[in-house]
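As structure tokens, the structure follows; a few thoughts come after it.
The values are calculated or read from the model by the stated rules, or taken from the named source; none is laboratory data. The shown structure was predicted, so the numbers you read here are calculated from the model rather than taken from an experiment. A quick note on method: Cβ atoms are made from the backbone with ideal geometry, for glycine too, and the neighbour counts reach across all protein chains shown. Calculation scope for accessible area: heavy atoms of the full protein, side chains included, ligands and nucleic acids excluded. Shrake-Rupley method; radii C 1.70, N 1.55, O 1.52, S 1.80 Å.
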Amino acid sequence: MAGNLTIGALLAQGIERLRSGSGASSAARSATSNLGATHSLDAELLLAHALSMSRTQLKTHPENVPSHERARRYTELVDRRAAGEPVAYILGYRDFWTLRLAVNPAVLVPRPETELLVERALVLGPSGPARIADLGTGSGAIALALASERPAWAVVATDVSENALGTARANASMLGLGRVELLKGRWFEPLAGRRFDLIASNPPYVAEADPALQDAALEHEPQIALAAGPDGMSALREIVHSAPHYLERRGWLLLEHGSDQAAAVARELVVRGFGHVRSHRDLAGHERMTEAQWN
Ligand code: SAM
Ligand code: GLN
């Protein structure tokens, strides 16, 4: 790609470059991985970023010719994307729920399907004041979305990764949600002696040997955010097992999981003594999360 090309032509070239660069890796993708091919959206986001314009401005001025320097910058971004780097890391942010979250390679890129867990938490959580926990908060996505929707909720989030917590802290203060408590430690460890009305978690749930972890779509993200034991269930099992010690009576546990793990997660919950166990499908039609109530 070179200078003297219009916005329209640059977009078309970028889309073509992304399409030809992504063929081989997608075959290795597993059922739990769902980063679809969104080449035209990616090209638009990258061009808008390189030109410091909005996507709307790109669409209304396709005939404009950006400077050589800007076009070159765009080409570099497209090359990074073609090599598999998530577009959110390239831009430095991802929109999740109603929030713009800063992201970097220390945190999982928040996924649209995780909004399903936020939706269910808003439905199931008490309408008044409540204590809420988010385990493995990463960028802070779930905790911050819930705090932004429910000012009366006291939200606490944990993560074992100091760098992830730093990102969550930066997001909390940028969004004026500094009241969200962010604690370092393994799952419930920093929450000893506390009880919650609702506990939510999107823990790692990809099997360690899943070839998708080496796929271009996932290899840039932290392994600790993705991989969980031989069957991908180790974090889910640990959370189900410990949760009753941290739940109020009639408190809810909400877990995101892989599209092929709903039955296994439901079984763990029933065996542990939870009731009202119910799985929900994401927009792609996959059973993506399961909720359960402690009696
Ligand atoms: N909640 C965020 C979201 O939905 O975008 C991030 C989810 S990511 C799949 C899982 C997170 O769990 C990562 O941020 C990772 O650092 C954290 N994690 C992994 N093992 C953990 C552990 N033993 N205790 C607490 N957090 C852990
Ligand atoms: N849904 C993620 C994927 O694209 C996995 C996230 C997780 O392990 N919690 O594979």
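So how tilted is helix 7-21 from the main axis of the chain? Cα-based, degrees 0 to 90, rounded to 10.
With rounding to tens, the tilt is 60 degrees.
By the scheme Lys and Arg +1, Asp and Glu -1, what is the net charge of all other residues having a beta-carbon under 14 Å from that of LEU135?
Working: positive: ARG131, LYS184, ARG186, ARG194, ARG237; negative: ASP134, ASP159, GLU181, GLU189, GLU238, GLU256.
Residues near LEU135 contribute -1 overall.
For segment 138-208 and segment 80-133, what is the separation of their Cα centres, given in Å?
Computed from Cα coordinates, the inter-centre distance equals 12 Å.
Quick one: grab the alpha carbon gyration tensor of segment 148-295, order the square roots of its eigenvalues as a ≥ b ≥ c, and give me rounded if a/c is under 1.5, else prolate or oblate depending on whether a/b is larger than b/c. Write down the numbers at each step before the final one.
Details: a/c = 1.61, a/b = 1.06, b/c = 1.52.
Note, shape of segment 148-295 comes out oblate.
With a 10 Å radius around each residue's Cβ, average the other Cβ atoms per peptide and rank 195-206, 110-121, highest first.
Descending packing order for the listed peptides: 195-206, 110-121.
With all protein chains present, how much of the accessible area of the chain (probe radius 1.4 Å) comes from carbon and sulfur, to the nearest whole percent? If you can, show how the numbers build up before the last one.
Numbers: 6780 of 12980 Å².
Carbon and sulfur: 52 percent of the exposed surface of the chain.
Could you size up the charge dipole of segment 30-159 around its Cα centre, putting +1 on the beta carbon of Lys and Arg and -1 on that of Asp and Glu, and report it in debye to the nearest 20?
Values: 13 positive and 14 negative charges, 31 e Å.
Roughly 140 debye for segment 30-159.
Does the chain classify as rounded, prolate or oblate by the C-alpha gyration tensor (a ≥ b ≥ c root eigenvalues; a/c under 1.5 gives rounded; else a/b over b/c gives prolate, otherwise oblate)? List each step's numbers first, then the result.
Values: a/c = 2.42, a/b = 1.79, b/c = 1.36.
Judged from the Cα gyration tensor, the chain comes out prolate (a/c at least 1.5, a/b above b/c).
What are the ³J(HN,Hα) couplings of segment 237-246, residue after residue, when phi is run through the Karplus curve with 6.51, -1.76, 1.60 and θ = phi - 60°? Round to Hz, x for glycine and proline.
Taking θ as phi minus 60°, the curve returns 4, 4, 5, 4, 5, 7, 3, x, 6, 10 Hz for segment 237-246.
Work out how much length THR60 to VAL271 would gain on full extension: take 0.36 nm times their residue separation and subtract the Cα-Cα distance, in nm to one decimal. Walk me through the numbers on the way to the answer.
Details: separation 211, 0.36 × 211 = 75.96 nm, distance 5.72 nm.
This chain segment gains 70.2 nm when fully extended.
Give me the percent relative contact order of the chain, please, defined on Cα pairs under 8 angstrom at least 6 residues apart.
Details: 561 pairs, mean separation 46.1, N = 295.
That works out to 16 percent.
With a/c under 1.5 counting as rounded, go ahead and sort segment 224-290 into rounded, prolate or oblate using the C-alpha gyration tensor (a ≥ b ≥ c being the square roots of the eigenvalues; past the cut-off, prolate if a/b is larger than b/c, else oblate). Intermediate values should be presented prior to the final figure.
Numbers: a/c = 1.88, a/b = 1.24, b/c = 1.52.
Verdict is oblate for segment 224-290.
Hey, can you grab everything whose amide H is under 5 Å from the amide H of LEU101? Only 5+ residues off in sequence or another chain; H modelled, so Pro and N-termini drop out.
Residues meeting the criterion, in which the H sits 1.01 Å from N, are ARG94, ASP95, PHE96.
In Å², what does the accessible area per residue of the chain work out to with a 1.4 Å probe?
Details: 12980 Å² over 295 residues.
Per-residue value: 44 Å².
Pairing the Cα long axis of helix 114-124 with the longest principal axis of the chain, what angle in degrees results, from 0 to 90 and rounded to the nearest 10?
In the chain, helix 114-124 runs at an angle near 40 degrees to the longest axis.
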